[in-house]
Structures are given as structure tokens and as C-alpha cells.
1. Quick check on my filter: what residues within the stretch 22-39 are surrounded by 14 or more Cβ atoms within 10 Å (Cβ to Cβ) and either of a type outside the set (K, R) or modelled with pLDDT under 90 (or both)?
2. Failed condition for Q50, given (1) surrounded by 12 or more Cβ atoms within 10 Å (Cβ to Cβ); (2) over 13 Å from the mean Cα position of the chain (by Cα); (3) in contact (Cβ under 8 Å) with a residue 60 or more places away in the chain, with all others met?
3. Can you tell me which residues in the stretch 6-21 are crowded, with 16+ Cβ neighbours inside 10 Å and either in contact with a helix residue (DSSP H, G or I) (Cβ under 8 Å, 6 or more places away or on another chain) or more than 21 Å from I70 (Cβ to Cβ) (or both)?
4. Can you name every residue in the stretch 33-47 that is free of Cβ contacts under 8 Å to residues at least 40 places away in the same chain and charged (D, E, K, R)?
5. Could you please tell me which pairs satisfy a Cβ distance under 8 Å, a separation of 6+ or placement on different chains, a first residue in the stretch 77-95 that is closer than 21 Å to I12 by Cβ, and a second residue that is in a loop (DSSP other than H, G, I, E, B)?
6. As an exercise: evaluate E30 against (1) without any contact (Cβ under 8 Å) to a residue 24 or more places away in the chain; (2) within 17 Å of K9 (Cα to Cα) and give the number of the one condition it does not meet.
7. Mind checking which pairs have a first residue in the stretch 4-15 that is farther than 24 Å from Q63 by Cβ and a second that is of a type in the set (G, A, S) and not in a strand (DSSP E or B), Cβ under 8 Å, 6 or more apart or different chains?
8. Say whether the condition of being exposed (fewer than 13 other Cβ atoms within 10 Å of the Cβ) and more than 18 Å from G4 (Cα to Cα) is met by at least one residue in the stretch 54-63.
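The values are calculated or read from the model by the stated rules, or taken from the named source; none is laboratory data. Remember, predicted model here, so these are calculated numbers, not experimental data. Glycine gets a Cβ as well: all are built from the backbone with ideal geometry, and neighbour counts include every protein chain shown.
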Amino acid sequence: MVVGICQIKLIIQDTFSLKEKRRVLKSILERVRNRFPVSIAEVGDHDLWQSSLIGFCMVSNEQQVVHATIDKVINFIENLCLAEVNVSHIEIITL
């Protein structure tokens, strides 16, 4: 079993309230859930207007599938142009 974990720091431009930030994040999270077989949620920076920390993970039986899917999710989030991917950290665990 292979578990892939990714943490992404997002910069959300042009938001001036937590309500606007949550609207943008909700859109990103729903689009990722609908397109990829991952579990995703906001895991940090809950009270900051223009910053968010999201995490997602996936389980598979092949390391290549996990790594490719994580790369696709990061590229998908970048291409949405709703937020800027500032930093991403990937960890792949083989059990």
C-alpha cells in the first residue's frame, strides 16, 4: 500500500474577508474532489484572509500512480488561477 500526502500553501489574492477566502477555497476543494480520487481539506491558516494551508492524500497500490496524481492535483490548482501555489510539500509512504 502506498500513501501520498501533500501540503500546499496558497496565497489568495484580492480577498478582503474570511467570507471571500472561504468562497474561493470551497470552489477549489470541490473542483479537486470532483476530478481526482483524493481527500482534501483546509488544514491551516484558518484565520488569515489571504493565505491558506490545504492538505490532501490518496492511497493506491502503485507509487507511480500516487506521485502522478499528486502532481496533477497541484497543476490543476495552479491552472484554476483562483490562488497562487506558494509552497508544496509531498511525502509518499510505502507500507
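1. Of everything in the stretch 22-39, those that are surrounded by 14 or more Cβ atoms within 10 Å (Cβ to Cβ) and either of a type outside the set (K, R) or modelled with pLDDT under 90 (or both) turn out to be V24, L25, I28, L29, V32, F36, V38.
2. Result: Q50 passes all but (3).
3. Listed by number, the residues that qualify are C6, I8, L10, I12, T15, K21.
4. Listed by number, the residues that qualify are R33, E42, D45, D47.
5. Listed by first residue and then by second, the contacts come to I77/A83; L82/I12; A83/I12; A83/Q13; E84/I12; E84/Q13.
6. (2)
7. From the stretch 4-15, the pairs are L10/A83; I11/A83; I12/A83; Q13/A83.
8. No; the residues of the stretch 54-63 include none that is exposed (fewer than 13 other Cβ atoms within 10 Å of the Cβ) and more than 18 Å from G4 (Cα to Cα).
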